[in-house]
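Shown next, in structure tokens, is the structure this report addresses.
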Amino acid sequence: MKDNAQSGSVTTSIENGTAIIEFFHPAHNSMPSSQLSKLTEAIQAAGANDAIKVIVLKSKGDRTFCAGASFDELASIQDFETGKRFFLGFANVINAMRKCPKFIIGRVQGKAIGGGVGLAAATDYCMATHHSTIKLSELAVGIGPFVVGPAVERKVGESAFTQLAINATEWQTAEWAKEKGLYHEVFASIEQLDAYILHLSEKLAQSNPEAMRQLKKVFWEGTEHWEKLLAERAGISGRLVLSDFTKKAIEAFKQKG
């Protein structure tokens, strides 16, 4: 499952029962709607493949895990339906991860911003490096972490989510994210991160698939209403992205590079 490098790519490789889903975009692994659709499809396909016992979600490169929504696409939105449809892209990925019957291990090698924090939060077991700082930057561009909020709050709790959502310009350390429950392990290097992920995925690939499927259902109990909830949240963001305030803020961020 591939696309050219300029519009980004999502690839799936399978080895010894482990599927590695890797996404890439030249703009700091940001997420345009086409990328979100491909990622949703890849997760759904891996979940339906009996040859796959466990999934590892990762991004390409060694700097940024995911920079969140594509500013270029956000800036181009001119009507509510287009705006809601864009934010539904993040909702679809989170719901695909939530409903996937396989454990999803998150590999966060670098910074996670906005929707990137949401992706990390929607994994079942997330590991990172010391460089994997996080920031929910949405309020700083006039929106808010409405769609990813439920996934993030589920992992870190209401107080820590409130801190991230309000303090939208300040980075939190990987150690802070581990303390709050977003990351389960933090390693000094990518090499150590990858070694442990390989170790864990090999163990899980030998575990009882039905036991893991039932555990996954237990882990996500209480989220059955998220299809409706995240669609409603996408509508909030879809309206806000049309405001003059947000358009000016996004343009200012784009100018910064």
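The values are calculated or read from the model by the stated rules, or taken from the named source; none is laboratory data. All values derive from a computational prediction rather than experimental measurement. Neighbour counts are summed over all protein chains in view; Cβ atoms, including those assigned to glycine, are modelled from backbone coordinates with ideal geometry.
Under the condition of being closer than 30 Å to residue 204 by Cα and either modelled with pLDDT under 95 or among the hydroxyl-bearing types (Ser, Thr, Tyr) (or both), which residue from segment 17-39 is surrounded by the fewest Cβ atoms within 10 Å (Cβ to Cβ)?
Only one residue fits best here, namely 37.
Go through segment 1-73 and tell me which strands (runs of 3 or more DSSP E), entirely inside it, have 1 or more residues that are hydrophobic (A, V, I, L, M, F, W, C), touching a Lys or Arg at 6+ places or on another chain (Cβ under 9 Å) and farther than 30 Å from residue 249 by Cα. Explain how you work it out, then say what you get.
Details: elements: 9-15, 18-24, 54-59, 64-66.
Correct list: 18-24, 54-59.
Would you call residue 124 in contact with a strand residue (DSSP E or B) (Cβ under 8 Å, 6 or more places away or on another chain) and either more than 25 Å from residue 250 (Cβ to Cβ) or modelled with pLDDT of 95 or more (or both)? First the steps, then the outcome.
Values: in contact with a strand residue (DSSP E or B) (Cβ under 8 Å, 6 or more places away or on another chain): yes; either more than 25 Å from residue 250 (Cβ to Cβ) or modelled with pLDDT of 95 or more (or both): yes.
Answer is yes for this residue.
Residue under question is residue 68, and the condition is that it be small (Gly, Ala, Ser) and crowded, with 23+ Cβ neighbours inside 10 Å; does it hold? Can you show your working first?
On the way: small (Gly, Ala, Ser): yes; crowded, with 23+ Cβ neighbours inside 10 Å: yes.
Considered against the rule, which asks whether it is small (Gly, Ala, Ser) and crowded, with 23+ Cβ neighbours inside 10 Å, residue 68 comes out as yes.
Does residue 168 meet the test of being more than 30 Å from residue 240 (Cβ to Cβ) and either assigned to a strand (DSSP E or B) or not charged (D, E, K, R) (or both)? Working first, answer last.
On the way: more than 30 Å from residue 240 (Cβ to Cβ): no; either assigned to a strand (DSSP E or B) or not charged (D, E, K, R) (or both): yes.
The answer is no for residue 168.
Residue-by-condition table, conditions (1) charged (D, E, K, R); (2) outside any loop (DSSP other than H, G, I, E, B):
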{"site": "176", "(1), (2)": "no, yes"}
{"site": "179", "(1), (2)": "yes, yes"}
{"site": "191", "(1), (2)": "yes, yes"}
{"site": "207", "(1), (2)": "no, no"}
{"site": "210", "(1), (2)": "yes, yes"}
{"site": "215", "(1), (2)": "no, yes"}
{"site": "223", "(1), (2)": "no, no"}
{"site": "229", "(1), (2)": "no, yes"}
{"site": "232", "(1), (2)": "yes, yes"}
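Determine the pairs where a residue that is of a type in the set (A, V, I, L, M), located within segment 24-50, has a partner that is surrounded by fewer than 16 Cβ atoms within 10 Å (Cβ to Cβ) and not in a strand (DSSP E or B) with Cβ atoms under 7 Å apart, the partner being 6 or more residues away or on another chain.
Going by the 7 Å Cβ cut-off, the qualifying pairs are 42/1.
Counting only residues that are small (Gly, Ala, Ser) and in contact (Cβ under 8 Å) with a residue 60 or more places away in the chain, which one in segment 129-173 is nearest to residue 69 (Cα to Cα)? First the steps, then the outcome.
If we filter segment 129-173 for residues that are small (Gly, Ala, Ser), which is where we start, we get 132, 137, 140, 142, 144, 149, 151, 157, 159-160, 165, 168.
Then keep just the ones that are in contact (Cβ under 8 Å) with a residue 60 or more places away in the chain; that gives 132, 137, 140, 142, 144, 149.
Values: 132: 18, 137: 10, 140: 13, 142: 13, 144: 12, 149: 14 Å.
The qualifying residue nearest to residue 69 (Cα to Cα) is 137.
State whether one or more residues within segment 82-97 are surrounded by 18 or more Cβ atoms within 10 Å (Cβ to Cβ) and at pLDDT below 95. Full working, then the answer.
We begin by selecting, within segment 82-97, every residue surrounded by 18 or more Cβ atoms within 10 Å (Cβ to Cβ); these are 83-84, 86-97.
Adding the requirement that they be at pLDDT below 95 leaves none.
Among the residues of segment 82-97, not one is surrounded by 18 or more Cβ atoms within 10 Å (Cβ to Cβ) and at pLDDT below 95, which makes the answer no.
Specify which of the listed residues (197, 250, 236) is in contact with a helix residue (DSSP H, G or I) (Cβ under 6 Å, 6 or more places away or on another chain) and part of a helix (DSSP H, G or I).
Working: 197 fails: in contact with a helix residue (DSSP H, G or I) (Cβ under 6 Å, 6 or more places away or on another chain); 236 fails: in contact with a helix residue (DSSP H, G or I) (Cβ under 6 Å, 6 or more places away or on another chain).
It is 250.
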